[in-house]
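Written below as structure tokens is the structure these notes are about.
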């Protein structure tokens, strides 16, 4: 059902894209020629596109796959076809949106064909694709090759036709002195031609599907109608047209004069009419936004774009009156094209959805299914909405930019397009209306002027877009389809578990039954039980037990499990005799060389009964069996290849997981590391380049040195790993989805300059897929624990949104208040700062070192918080002594030197400003190679060269914030710089050691599942995984970290070395306390709160940018929601999709179970026939009815065209029924039990060593009891 719902949404989205791109290029000539306005085009589309879609769309909304993919390839798994069509709609519509945004007119038909090609290749390889199939009629080919050929044939053919038409019209009419009169006289001929071409196109491509008319009859009807209109156009048409043209020109002249005279008054009136109430302003804003697509001036770009301007300036100008004549022809053409487009191209959107809907209803694949009227209506509505909201972008491109369009030129282009499409329709040529209209415009432009009549740059872009349409749409579709098709399926996984369980239970019942009979023999004749049977039972049961030991083995191969099931049945057959009807006394059976259907079956005596029973089930002998003498090691070796198969099936998860992990690390570097360095860079303590160097060294060192100890599986704190033990592959897939969604949100947040928590991003993502997997029971909401804070799970995370920033803000505020009171506001502040420096060194070293040791090294040395604090205090005390002497003496000299150098640099920079500019101009390279190299270099290092303080001058809020801040002594601020440099290094090391787990932790979980096939929260993280995360963090900070540094380092509160040092130290204190008590805090929220505390001490009114703070808090709240929603959506898209690998496993289970039941019933039926051969008419009718009924049931279950889904529990019931039937009509004979016919009574236990042995007369019900379970 979810495929139908998502398919409907994707189909509407595809229709929207068709409206914005394909319909827009169909109307481009009419709107570009100013024959109709953009609003009128939308009205025409709303009527004629919708009417065409509803009226004739159902006849052409065939399943698109038929022309490229072979539907027969999907008959075994129709649900995979439906899923592929959904992927095709998503990928094709995505490409249409991108192309429309880039002003590229592409073929919607080729988009959907490319998308179908993509998923067909993933599904069935090249054999599932129609490449170049031959056919008997022109063009003698079908498939992908003709589509590629159409890239050249379509535009060239349309271009030639348009060029000829425009050349003839220009020669005969447009360039004449009396061109208007000639145009009116030619008008009837053009009416005939226009009506015939467009009507033929509509009839042959639409109505002929209803009336079944061929091309000849369609042409004949079109000609008759066109001839009738030709007569009307001659009289009174020409007379009316002449009067109307004169009237139109007079009205146009009057409007122009009135507009010029009233220009100033209208402006004043507009100012007076501007509403003052907020409600009316809001209403007008919403109205303008809703109708923006209808009010765009598509010709405005002629004045702003040089290529467009030159194109129009060079074009020949014809008589306005003559152009007015052609307008009336083009209005009809626009209506006809809209109707035909709605009737035909709506299939590109609703055709795939019709395929999905057909599979949902009938569970088979067809290329001729009916399309419901509501589906057509949905497609028609989407087309109209797409044109109205975003169609202007393509209309500007093709209607204005490719070639100059006037009514005469546009009419020739549209008529030529109609001719080309009509011819292609007759011969079934795979052409695209987009390419045809582009070629027609190109033909008109080339006749205009080969040099200036066509915008060749735009034409080259269009052609490249046509080529890449198939490639991009196909690649997107293949990627989306493979992401779901090769993912583990939640529903199919449950089915597989059901099959595995039922097969395991059946084999256990068989072996228990045989073992019970063997024990019964031993009770009658001590020591005389059958040792061969005993070994077989022990060996085979051990093999099955090992197969289900998923923590060791992992994947259970269906073929091997079916082999064990068959081996169990064959063992039972070998140790039993079938007794049906009178066969209980004659023991008749079917010899190995006899046919089941042979009416003259030879009946042999009891002595040959054992091999006969084997022969009756002979189809099982070809199955591979485990040797009776196999020991435990041999069995495990035999099963071990299945783990290799599972590993191979999950290899794509490891590869994609590594890529996603690096992407997540990049996001952490751009967002999380950037906000950690924001105070240092914002305070100008270090530059952006220096921050990247520090991160490159200390973040990477922290990740490699201590990251492995904290790169735990993130799921442990929010999702319960135990919930995934039955299907570890689903856990690995969920972690991949979590990485994708969390990194996507980080990119969006970084682009929007929102500093968010990477920890909360990954927690939200894990929460999302855990809810989809196991519901609320799979999530840790608020579990109690004995130690502070007495809670773990999601609730403490929510609480941290408030607790962490407030705590850090209070600490930072107190530190800044004390520093400002004791040092910064004093007259001798520099001297005081130098004297206080050792105390601050002690405090700084202690806090940062404790954070590093307790959060990192303590995992190796197993130190508690007390020992970590003691070691940190000893080291800090030693450095305090050094800071007292010679530290203070060195610092005083260094500060003086730094200030002198800064003053000298400022003076030199001012003096040499002009010279440097001249030198830069002289040094500008002249060679193209050097220019290219410099461009690449600037692009690569752009993130390092951004002036993060430039926004202070351009943003009013930033400027006011900095202007209102108190200014302290530069010398004093210089003292604090040295403290902040150390803090930056320590924070970078600690961050690399701890927060790298947000990126590599989920991937470590994927890697662990891939290697060991179980879920754990304490798996080891390889060194190369840590290196991958560390590299991603550094790259992220270097390339895009500046965006967050600008936000937190410059925009939230003014940062100077003193302020930044207090903020960072407060953040360190807060994180250290949280580390001791295991509080779930975020460094992002803590550093934000610390800056807020400093700003509030500065000034409650002007010290903090409250707008930015509100945005940050909203981002923290939405982080969990958005990351969780994205993860849930991506996970559900794959988890509920049909799985290609699991589908094959289910088919294998179904086939093996069906084969076994058929073999059992054939064996029983053969014995029944043998009874009938010995005693005619005396066969067992009850058995006969049971066999017929059960085999019919199984046959109906496998009639997938009618039933569709095969319920594992029902199929297992049939398998058990077949076995039970065999048990009811057989007697177990093991060892000396062949003579005594010992069995286990119903009230006895298999494990009972004193089993009662009863005579033969009670054998039948006893056998039932033995297999009854």
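What are the residues in the range 26-69 that are surrounded by fewer than 19 Cβ atoms within 10 Å (Cβ to Cβ), over 16 Å from residue 335 (Cβ atoms) and modelled with pLDDT of 75 or more, if any?
Matches in the range 26-69: 34 only.
Can you report the number of residues in the range 1042-1098 which are under 19 Å from residue 1116 (Cβ atoms) and in a loop (DSSP other than H, G, I, E, B)?
Number of matching residues: 6.
Just to be sure, is residue 159 over 30 Å from residue 10 (Cα atoms) and surrounded by 23 or more Cβ atoms within 10 Å (Cβ to Cβ)?
yes
If a residue has to be over 18 Å from residue 1002 (Cβ atoms) and surrounded by fewer than 24 Cβ atoms within 10 Å (Cβ to Cβ) to count, how many in the range 656-687 make the cut?
Selection size over the range 656-687: 3.
For the list (1) in a helix (DSSP H, G or I); (2) touching a residue at least 60 places away in the same chain (Cβ under 8 Å), I need the number of the one condition that residue 756 fails.
Checking residue 756 against (1) in a helix (DSSP H, G or I); (2) touching a residue at least 60 places away in the same chain (Cβ under 8 Å), the one that fails is (1).
With respect to residue 192, is the statement that it is under 30 Å from residue 71 (Cβ atoms) and surrounded by fewer than 23 Cβ atoms within 10 Å (Cβ to Cβ) true?
No, not satisfied.
Name the residue, out of 1014, 998, that is within 27 Å of the chain's Cα centre (by Cα), in contact (Cβ under 8 Å) with a residue 60 or more places away in the chain and surrounded by fewer than 18 Cβ atoms within 10 Å (Cβ to Cβ). I'd like the intermediate steps shown before the answer.
Details: 998 fails: surrounded by fewer than 18 Cβ atoms within 10 Å (Cβ to Cβ).
Being within 27 Å of the chain's Cα centre (by Cα), in contact (Cβ under 8 Å) with a residue 60 or more places away in the chain and surrounded by fewer than 18 Cβ atoms within 10 Å (Cβ to Cβ) holds for just one of 1014, 998, which is 1014.
Just one of 872, 865, 829 is in contact with a helix residue (DSSP H, G or I) (Cβ under 7 Å, 6 or more places away or on another chain), surrounded by fewer than 19 Cβ atoms within 10 Å (Cβ to Cβ) and touching a residue at least 24 places away in the same chain (Cβ under 8 Å); which is it?
865
Against the condition modelled with pLDDT of 90 or more, buried (at least 17 other Cβ atoms within 10 Å of the Cβ) and out of contact with any strand residue (DSSP E or B) (no Cβ under 7 Å at 6 or more places or on another chain), how does residue 1009 come out, does it pass?
no
Can you find a residue that is under 25 Å from residue 672 (Cα atoms) and not in a helix (DSSP H, G or I) anywhere in the range 734-745?
There is no residue in the range 734-745 that is under 25 Å from residue 672 (Cα atoms) and not in a helix (DSSP H, G or I).
Between 772, 836, 823, 795, which is in a helix (DSSP H, G or I) and modelled with pLDDT under 90?
Values: 772 fails: modelled with pLDDT under 90; 836 fails: modelled with pLDDT under 90; 823 fails: modelled with pLDDT under 90.
Result of the check over 772, 836, 823, 795: 795.
Pick from the range 283-308 the residues that are touching a residue at least 60 places away in the same chain (Cβ under 8 Å) and not in a helix (DSSP H, G or I): which of them is nearest to residue 390 (Cα to Cα)?
Per the criteria, the residue is 296.
Among 1066, 1027, which is more than 39 Å from the chain's Cα centre (by Cα) and in contact (Cβ under 8 Å) with a residue 40 or more places away in the chain?
After ruling out the rest, the residue left standing is 1066.
When you look at residue 82, is it within 22 Å of residue 492 (Cα to Cα) and touching a strand residue (DSSP E or B) at 6+ places or on another chain (Cβ under 6 Å), yes or no?
Criteria not met by residue 82.
Taking only the range 311-324 into account, find how many residues are surrounded by 13 or more Cβ atoms within 10 Å (Cβ to Cβ) and assigned to a helix (DSSP H, G or I).
Residues that pass the stated criteria total 7.
Scan the range 937-965 for residues that are under 24 Å from residue 1037 (Cβ atoms) and outside any helix (DSSP H, G or I) and jot them down.
Within the range 937-965, 941, 946, 947, 948, 949, 950, 955 meet the criteria.
Is it true that some residue in the range 141-153 is in a strand (DSSP E or B) and either modelled with pLDDT under 90 or surrounded by fewer than 16 Cβ atoms within 10 Å (Cβ to Cβ) (or both)?
Yes - at least one qualifying residue is present in the range 141-153.
The values are calculated or read from the model by the stated rules, or taken from the named source; none is laboratory data. If you're wondering where the values come from, they're calculated on a predicted model, not measured in any experiment. Note that we place each Cβ from the backbone using ideal geometry, even for glycine, and neighbour counts take in every protein chain shown.
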